[in-house]
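One structure is given here, and the rest of the page talks about it.
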Amino acid sequence: MASGDSADHLEWRRTTVDGRDAFYGTAGEGLAVVFLHGWALGQRSYRRALKRLVHLGCQVYAPAMPGFGGTPNLHESATFDGYARWVAQFLDAVGVDEPAFVVGHSFGGGVAIKLAHDHPERVRYLVLINSVGGTTWSFNNLAHMVTTKAPWTWPFHSPQEILPLNYMLRVLPIIVEDAVPNLMRNPLGLLNVLNLVRRADLLAELQELRRRELPVVVLWGDHDTVIPRASFAALCSAIGSEGEVVEGRHSWLLADPDAFGSILTNSIAVAKLARQMEEQDEGEKGDPGPGLARRLARHLAPTVRPDPVAEDPGT
């Protein structure tokens, strides 16, 4: 059932993936965009940010990945391979039959990297937002948080993530809607995924994506206290790009969905252009259009702004 009358409101739906229920939100028409959420969250937390993608002419799919949002855990133990395979099966289930524009936040960024690496036919463009996978991140701080902090604060990872007050008032109600139910339903599943995330090293996969010339954009909030600057730099080095530093914390796109939409505007325009080229070239025999379109998309990927922050005060 739709959650509202406006065309940009996500509809919350159920499908079947690998013989089990899977829940997701969807809205819009146009370029297929898949959004993969962060740890302890779910698809509903991001609905304000996802509306901005709908406004850019996209059909958004936001699945609750296994262990979150009511979707059962993976059949096997939690691995990035398993999550990537599940997302590929999810895309089959909802009828996405073309390469998608894939966005991953935090844990979802790690899943997005593996999806692009293991299922290259599924991804035309990859955006990583404060993503895991760069090996050097603040697991000690996160482990301390899990054992000492109230569960509703877990998605913030540290006190700095919910300060100042105006930031907390904007983001806290959004987080609580997903985090508390996830904790109540599946505390062990959350801890299993946390154990997976703390060991995430996906630099080799990113280097392979660079060799394949897949367009990849890496974004990082300059006050992130979970993913340190060194991890962000490692991801950028692996893909051969400077990346882009934005103002904000680990969950900056929840606090400022307008900035999220603005930052992705150019990337989505480039992906749409590549898609149009592929469709045109399909009618021309012998023309290797998709490869040309991919190279063009990578060439036209956004030029990053210089990093205005010398050092992340939260790391």
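A few comments on the model shown:
- Filter pass, Tyr167 being modelled with pLDDT of 85 or more and either surrounded by 20 or more Cβ atoms within 10 Å (Cβ to Cβ) or over 30 Å from Ile239 (Cα atoms) (or both): no
- In the range 250-261, the residue that is farthest from Leu126 (Cα to Cα) out of those that are in a helix (DSSP H, G or I) and in contact (Cβ under 8 Å) with a residue 40 or more places away in the chain is Ala255.
- Counted residues, the range 91-127 - those being farther than 19 Å from Leu202 by Cα and of a type in the set (Gly, Ala, Ser): 3
- Any hit, the range 215-234, residues being farther than 16 Å from Gly104 by Cα and of a type in the set (Lys, Arg): yes
- Number of the exception - Ser6 against (1) at pLDDT below 95; (2) part of a strand (DSSP E or B): (2)
- Test: Glu242 is modelled with pLDDT of 80 or more and assigned to a loop (DSSP other than H, G, I, E, B): yes
- Hey, Val60 closer than 22 Å to Asp21 by Cβ and assigned to a strand (DSSP E or B) or not: yes
- Considering the range 198-208, and only residues there that are surrounded by fewer than 21 Cβ atoms within 10 Å (Cβ to Cβ) and not charged (D, E, K, R), the residue that is nearest to Glu247 (Cα to Cα) turns out to be Leu203.
So that you can scan it fast, the table gives a plain yes or no per residue for (1) modelled with pLDDT of 70 or more; (2) of a type outside the set (D, E, K, R); (3) loosely packed, with under 15 Cβ neighbours inside 10 Å; (4) at positive phi:
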site: Gly95; (1), (2), (3), (4): yes, yes, yes, yes
site: Gly104; (1), (2), (3), (4): yes, yes, no, no
site: Gly110; (1), (2), (3), (4): yes, yes, no, no
site: Arg124; (1), (2), (3), (4): yes, no, no, no
site: Val127; (1), (2), (3), (4): yes, yes, no, no
site: Trp137; (1), (2), (3), (4): no, yes, no, no
site: Ile174; (1), (2), (3), (4): no, yes, no, no
site: Ala179; (1), (2), (3), (4): no, yes, no, no
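- Restricting the range 245-277 to residues that are among the charged types (D, E, K, R) and surrounded by fewer than 18 Cβ atoms within 10 Å (Cβ to Cβ), the residue that is nearest to Gly221 (Cα to Cα) is Glu247.
- Of the criteria (1) more than 20 Å from Arg185 (Cα to Cα); (2) at pLDDT below 95; (3) surrounded by fewer than 17 Cβ atoms within 10 Å (Cβ to Cβ), which one Asp81 fails: (2)
- The requirement of being assigned to a helix (DSSP H, G or I), at pLDDT below 70 and charged (D, E, K, R) is not satisfied by Arg275.
- Tally of residues being touching a Gly at 6+ places or on another chain (Cβ under 8 Å) and either of a type outside the set (Gly, Ala, Ser) or not in a helix (DSSP H, G or I) (or both) across the range 91-125: 6
For every residue, the table says whether it meets (1) assigned to a loop (DSSP other than H, G, I, E, B); (2) under 12 Å from Trp39 (Cα atoms).
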residue: Val193; (1), (2): no, yes
residue: Gln207; (1), (2): no, no
residue: Arg210; (1), (2): no, no
residue: Leu219; (1), (2): no, no
residue: Ile227; (1), (2): yes, no
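The values are calculated or read from the model by the stated rules, or taken from the named source; none is laboratory data. Since the structure is predicted, the reported quantities are computational estimates derived from the model, not experimental observations. Cβ: placed from backbone, ideal geometry, glycine included. Neighbour counts: every protein chain shown.
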